[in-house]
Amino acid sequence: MTVCIGCQAEIGPSESAHCPTSRRANGEYLSQRDMAVFALEASPAPLSIYDIQRSIQREFQFTPRRNSLCATLASDACCCWAGRGLYGLWRHGLLPGPRKLADLAQLILLSSQASLNLDELAFTLRRLGYRFQLSSLYRALMTSPIIEREDSERYRVERDSVDAIEFRDGLGLSPDAYQMVVDRTLGNIRNSLQERLNRLASSRGIADDDPIFQDGDIPLSGMY
């Protein structure tokens with residue numbers, strides 16, 4: 001496992017071990033992009049663009065323009081989209097590459113070794129820390145060019161289809177990085193499905209000490 005030199009956290013396939021945290025400690029110059037990643041590295045969970053902006057202002061006495069910061073985060077491969085106006089890192093459980101809900105659903109289904117229904121997919125995504133509305137996820141599944149419906153409830157992606165290959169290549173990940181993402185995602189899917197079954201088996205639907213997630217809730221990192 002590769003870890004960050006500055007904070008010893010696990011780093012993703014698009015991150016550098018010479019992170020902004022360690023570079024700042026060495027007195028090196030940090031760009032706006034580096035400042036944004038620095039803010040995310042210091043957080044235990046994904047942050048909103050507003051909170052990233054505030055963190056940069058507090059730490060560096062510099063206030064980036066919101067539009068400029070949005071563009072920086074959207075184009076940075078190591079920053080993972082976590083929902084509308086939310087970004088995080090690999091260490092937060094997020095996946096590099098997707099920048100919208102449809103792409104995220106497609107990547108999850110590409111990584112899964114079995115089809116998933118809407119509730120299974122939604123539970124997995126929320127457990128990973130993504131924020132979204134269930135209706136938006138349903139629309140993404142219904143309008144995706146590569147997601148197929150096996151029946152009225154289950155969804156899958158044909159890995160060898162032309163559209164799926166084009167989507168995979170468009171994520172901007174090297175073959176090794178893509179495989180790293182798929183392997184981790186498959187493990188997360190299996191764990192999430194087992195946790196879902198455990199909750200459904202209890203009298204309340206969840207364990208006594210588990211939180212209840214509503215549409216739009218963000219699970220805190222380390223909760224599971």
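Each residue in region 164-179 was checked for being within 13 Å of ALA77 (Cβ to Cβ) and either acidic (Asp, Glu) or part of a helix (DSSP H, G or I) (or both), and 2 pass.
Picking from residues in region 38-48 that are touching a residue at least 40 places away in the same chain (Cβ under 8 Å) and outside any helix (DSSP H, G or I), the one that is surrounded by the most Cβ atoms within 10 Å (Cβ to Cβ) is PRO46.
Quick check, is TYR130 surrounded by 22 or more Cβ atoms within 10 Å (Cβ to Cβ), of a type outside the set (A, V, I, L, M, F, W, C) and in the same structural domain as ASP169 (by TED's automatic domain parsing)? Spelling it out, TYR130 is indeed surrounded by 22 or more Cβ atoms within 10 Å (Cβ to Cβ), of a type outside the set (A, V, I, L, M, F, W, C) and in the same structural domain as ASP169 (by TED's automatic domain parsing).
Restricting the search to region 146-163, which residues are aliphatic (A, V, I, L, M) and surrounded by 14 or more Cβ atoms within 10 Å (Cβ to Cβ)?
Pass one, region 146-163, residues aliphatic (A, V, I, L, M): 146-147, 157, 162.
Within region 146-163, ILE146, ILE147, VAL157 qualify.
The residues in region 18-37 that are under 21 Å from ARG66 (Cα atoms) and surrounded by 14 or more Cβ atoms within 10 Å (Cβ to Cβ) can be counted, and the count is 8.
Here is a yes/no grid of residues against (1) in contact with a His (Cβ under 8 Å, 6 or more places away or on another chain); (2) in a helix (DSSP H, G or I); (3) within 30 Å of THR143 (Cβ to Cβ):
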residue	(1), (2), (3)
GLN8	no, no, no
ALA17	no, no, no
GLY27	no, no, no
ASP34	no, yes, no
TYR50	no, yes, yes
ARG54	no, yes, no
GLN57	no, yes, no
TYR87	no, no, yes
PRO96	no, no, yes
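Does ARG91 meet the test of being surrounded by 14 or more Cβ atoms within 10 Å (Cβ to Cβ), of a type outside the set (Phe, Trp, Tyr), modelled with pLDDT under 95 and assigned to a helix (DSSP H, G or I)? Can you show your working first?
Details: surrounded by 14 or more Cβ atoms within 10 Å (Cβ to Cβ): yes; of a type outside the set (Phe, Trp, Tyr): yes; modelled with pLDDT under 95: yes; assigned to a helix (DSSP H, G or I): yes.
Criteria met by ARG91.
Here region 59-88 is the region considered, the condition is being touching a strand residue (DSSP E or B) at 6+ places or on another chain (Cβ under 7 Å) and buried (at least 21 other Cβ atoms within 10 Å of the Cβ), and the residue that is farthest from ALA177 (Cα to Cα) is LEU86.
The values are calculated or read from the model by the stated rules, or taken from the named source; none is laboratory data. Treat the numbers as computed from the prediction; the structure is a model and nothing was measured. All Cβ positions, even for glycine, are placed from backbone atoms using ideal geometry, and neighbour counts span all protein chains on display.
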